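What follows is one structure encoded as structure tokens, with my remarks underneath.
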Amino acid sequence: MSLASEVLTGAVRGGTSILYAGVGESYAESAGVVNLGTEGSMLVGALAAYAVASETNNPWAGALAGLVAGGALALVHAYFVLHRKANQLANGLVVLFLGLGLTSLFGASYVSKPAKSFTPWRIPGLGSLPGVGDILFNHDPLTYLSFLMVPASWWLLTRSRWGLLLRAAGERTEVLASYGHSVRRIQYMAVVLGGTLAGLGGAQLAIAYANAWFENMVQGRGFVAVAVVIFAARQPFKVAAGSYLFGAALALSPALQARGYGINQFALDAIPYVTIVVVLVALGRRRAAEAPEGLKKVFEVSPST
Amino acid sequence: MPPRSRSLSALALALSLTAVAGACGSNTTDTAATPSTGEGGATVDATPGKGSKAVGFIFVGPKDDFGYNQAAFQGSEAVKKAFPDFEVLTAENVPETDDAARVMEGMIDKGAKIIFATSYGHLDPAMKVAAAHPEVVVVQQGNLIKGTVPANAGTYFGTVYEPVYLAGIVAGKQTKSNKLGYVYAFPIPQTISNINAFELGAQSVNPGVQTYVVNTSAWCDPGKQAGAARSLLDQGVDVITQHQDCTGTITKAAEAAGAMVVGYHADASSLAPKGWIAGSEWSWADLYTDIVKTSLAGDFTGSKYNANFREGLKDGQNPFIESKFGPSVGADVKTLVDTAKTRISTSGSPFAGPVVGQDGKTIVAEGTVPDYATIESLMTVFVKGVVGELPKN
């Protein structure tokens, strides 16, 4: 396989877990809630998926469990933020550590257990196209599902009435409330939906990509997803582009090494993160201006507000 | 093992550690700086380890990681079996920081006068505990004490690269593409010597064979492992091995792709029933038991364990052993392995000269057989036949 083809294939394969979490976080942030616990939702999703796939021998049951677990952890975030008025950023970190602790505790026995995983399935016809066949049409079912999720989420967020309400909850809380809608209910939905998608991303990592469970196996991908959402301005297609960019940067390192190129490995490892920092700095000011009103309050530290 | 990248889990670990220390019955967790002179300052037998009622083990990871920590835990189980009257205290997920010293202090409070600190990065806290408690034997697994070794401390390890060399022979005979793959974490001497031994073993039976290396910069990041395995397989590698803490992902990826697998740390043949050909794993039972026995008798100081102890095939035993062969390995290959094992056990070494580096410079001259201590200091470059470069700083 050519270097470009290998890196692009790896981009899709390795970027999918980030993509799920990123689109999920786009829902939450559109409704005005930042969830730094996304990493935690991915972790519980990964463990739940692996454990259930191991016990039932059915990866689909595992994916469903990952979805539910991710959503459940996000519900904890939603409760404290929306009901108890906790600080969103601090509470997100608390939720992350909760997820980390719970999965370390309950995951220990699954480290050495096998589980039934998803296997790549080449789509007949499309899969044999030169070039794109390998890159796009020779993947696991959860990756194909993400291809459908992105346009569906775009439509939901930007074209549907429900998406309008969601964005209104983030932008113009008072207007939404004065029209008789429950802002809190909409925000709950957005945060929990975001968590379920992050959980599904964790499931993709555990039972479709890496085929393993290990403590802290998400290794910061959830934070990358949150960063991607910021520079993608909560738009699913841009989130997809950012996730695949990160996936490509991750895939570049082993692809170059396996070809025997003499490169500075540590610099290469830093590329994905440096990319994100550079893009964030470059876009930061503009994006901050475009952020939903509700989100600006989150980042406001001045006591006068 | 060297420190693992676990920045995110730092807080969670700190939290769980409090529980660990509590579970060890430590009610005075901050005694690290207080030299122990026994209850009420009474004179106690200062012979390190003598008359201990308990022995403590600390592990950097979970005890069932299909790898390094699982093997060490099994060693502690063997000690329990050998000394039924003994209390064996174990603590998992002990970070390589001062927190480790607190966990060890807790074990000493419980009566342990023999402590095994089983991870590479546990050395510094272990040395602190040893200095504060001259009556306690503190041994560390895999690192080196620099300078004078205190009377109650030591390090121990196996010669990992010997069984890896033997596994390389199997890989060199079984490969069809003449391309072997090696996924590693960090370029530390132990890893470099493994990679070199693997390639040299393969070369000894198949001069044209090459080992492709990819590093992940993490002891366990299954996502990166999946990418590394994929890249190697895409290059036509048909035998994959690794030096990682968690080994499931790469083993399964190779099996799924129809490639062969050489294991490391533990027998994972159940994950690759078709592709498994050979491997290396730990067997600490005898060494742990002997260290405990020596310490209990009061003979630790001045013994071979009161040093940077390294043990290999030449000593008649090596805590690092060969895993079982896979179904596809024929009798002729097994004979080759046996012959090489005999050679290493008597006069030879995986690194018997001539050994040439990637750049063509001689590392070990012809006719020279380096000893265990020398080998560790030589392993700063890859040998010829390894494809890939060491990360530069």
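Nothing in this text is a laboratory measurement; each read-out follows from the coordinates by a stated rule. Predicted, not measured: the structure shown is a model, and the values here were computed from it. Heads up, the Cβs are rebuilt from the backbone with ideal geometry, glycines too, and the neighbour counts pull from every protein chain shown.
For the stretch A:3-299, the fraction of alpha-carbon pairs lying more than 24 Å apart is 50 percent, rounded to a whole number.
Could you tell me which of the pairs B:173/B:341; B:224/B:252; B:81/B:324; B:274/B:334 are separated by over 20 angstrom between their Cα atoms in the structure shown? The answer is B:81/B:324. The long axis of helix B:285-296 is offset from the longest Cα principal axis of chain B by roughly 30 degrees.
Helical content alone sets the calculated 222 nm signal of chain B at -11000 deg cm²/dmol, taking -39,500 (n - 2.57) per DSSP H segment of four or more residues and averaging over every residue.
The stretch A:79-127: which trypsin sites (Lys or Arg not before Pro) are DSSP loop and have at most 11 other beta-carbon atoms within 10 angstrom? Don't skip to the answer; put the middle values down first.
Numbers: sites: A:84, A:85, A:116, A:122; in loops: A:84, A:85, A:116.
Qualifying residues, ordered by number: A:84, A:85.
Put a dot 7 Å past the Cα of residue A:57, heading toward its Cβ, do the same for residue A:119, and the two dots end up 1.5 nm apart. Please report, in debye to the nearest 20, how large the charge dipole of chain B is about its Cα centre when each Lys and Arg carries +1 at its beta carbon and each Asp and Glu carries -1 there. I would put it at about 720 debye.
Comparing B:215, B:297, B:143 along the charge dipole axis of chain B, the residue lying farthest to the positive side is B:215, per the Cβ-charge model. Between residue B:307 and residue B:148, the simple spin-label model (points 7 angstrom out along Cα→Cβ) gives 1.8 nm. Checking the a/c ratio against 1.5 first, then a/b against b/c, what shape does the Cα gyration tensor give for the stretch A:1-85? Oblate, since a/c reaches 1.5 and b/c is not below a/b.
Extension gain for residue A:83-residue A:177 works out to 32.2 nm (0.36 nm per residue, less the C-alpha to C-alpha distance). Simple point charges give the picture: +1 on the Cβ of Lys and Arg, -1 on the Cβ of Asp and Glu, and for chain A a dipole about the Cα centre of about 580 debye.
Against chain A, whose longest principal axis is taken from its Cα atoms, helix A:183-204 shows a tilt of about 10°. The Cα atoms of the stretch A:79-127 define a convex hull whose projected area, averaged across directions, is 6.9 nm². Against chain A, whose longest principal axis comes from its Cα atoms, helix A:221-231 is set at around 60 degrees.
Can you tell me what percent of all Cα-Cα pairs in chain B are more than 33 Å apart? Please list the in-between numbers first.
Details: 25203 of 77028 pairs.
Roughly 33 percent, once rounded to a whole number.
Split chain B at each of the trypsin sites (Lys or Arg not before Pro) in a DSSP loop with at most 10 other beta carbon atoms within 10 Å, and the longest piece is B:177-360. log₁₀ I(q)/I(0) of the protein assembly as shown at q = 0.07, 0.08, 0.10 Å⁻¹, via Debye over equal Cα point scatterers, no solvent, to two decimals? So the normalised log intensities are -0.51, -0.66, -0.98. Take each residue in A:201-213, count the other chain C-beta atoms within 10 Å of its C-beta, and the mean is 5. Taking amide H positions as modeled 1.01 Å from N, with prolines and chain starts lacking one, the residues under 5 Å from residue B:363 and 5 or more places away or on another chain are B:355, B:356, B:357.
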